[in-house]
Amino acid sequence: MNFHAVRAIYAFELGRTLRTLFQSLAAPVISTSLYFIVFGSAIGSRMETIDNVSYGAFIVPGLIMLALLTESVSNASFGIYLPRFTGTIYELLSAPVSAFEALMGYVGAAATKSVILGLIILATARLFVPIEIVHPFWAAAFLILISISFSLFGFILGLWADGFEKLQVVPIMIITPLTFLGGTFYSIKMLPPTWQTVTMFNPIVYLVNGFRWSFYGQSDVGVGLSLSMIVAFMALWVAIIAWIFKTGWRLRT
């Protein structure tokens, strides 16, 4: 294992975050604060509790997940796309660095940034609503595993994209809508039976509800199923990335 290479890639990617600190951290936190002002205060004050949890507190895991998914994908996709765009990817491919080591550096940095962002949003949320995490270990586990899983997906997106505009297509057109429709601002039990069934085909539902269970001990789906979905995502993304490095697809062209 070439730990020097992993550390170099990891440090470079984290350093890039410091150079774009406002875009990387401040902007998502400001957006989340606006959600709390609009949904938590304006709308939440007129709503009853959901499963004995105030509406403002209920949406906290969903808002963290919304930022976590979009930022994980964006950070990882841009991190690997930039070397492809500038041509420095060939230096990486010719260096004594394995695909696994490169993956650890890029995905590790993207996941780290997402976890830090999630913790900052959690701290911001505590300024608006009181929050008590029932299962802190599982909250941390969900936070880390989901960050890694969607950073892997973002890595694939960065290899697939052939232009900067394509880097934004999936986060804006797919990830964000699925997260909004995945129980971020509501319990799926509030939906009519038909729509409850349709919603269960949205994979983000399992992630949001698993993370919410770690906060309040309540979920619309089984926590075991939520963990299984995360593991399945990670296995799928790793298999695709292994195929990409084996075939050189989008790496050498």
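Here are the numbers for this structure:
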read-out	value
Cα shape, the stretch 167-218, gyration tensor, a/c 1.5 rule	oblate
Residues Ile174, Ile9 arranged by fewest to most Cβ contacts within 10 Å	Ile174, Ile9
Leading residue at positive end of dipole, the chain (Cβ point charges), from Trp195, Leu68, Phe39	Leu68
Neighbour-count ranking [beta-carbon atoms within 10 angstrom, fewest first] of Val208, Val53	Val53, Val208
Tyr90/Ile133 FRET efficiency (R0 51 Å; Cβ-Cβ; nearest 0.05)	0.65
MRE, 222 nm, helices only [DSSP H, n ≥ 4, -39500 (n - 2.57), over the chain, to nearest 500]	-22000 deg cm²/dmol
Placed amide H near Ile50: partners under 5 Å, 5+ positions off or other chain	Tyr55
Asn2 versus Met47: modelled label distance in nm, points set 7 Å from Cα along the beta carbon direction	5.0 nm
Per-residue Cβ neighbour rank within 10 angstrom, fewest leading, Arg126, Arg212, Arg16	Arg126, Arg16, Arg212
Packing-based order for 107-115, 241-249, 215-223, using average beta carbon neighbours within 10 Å, highest first	107-115, 215-223, 241-249
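Laboratory data are not the source of any read-out in this text; all were calculated from the coordinates shown. Being a predicted model, the structure only gives us computed values, none of them experimental. A quick note on method: Cβ atoms are made from the backbone with ideal geometry, for glycine too, and the neighbour counts reach across all protein chains shown.
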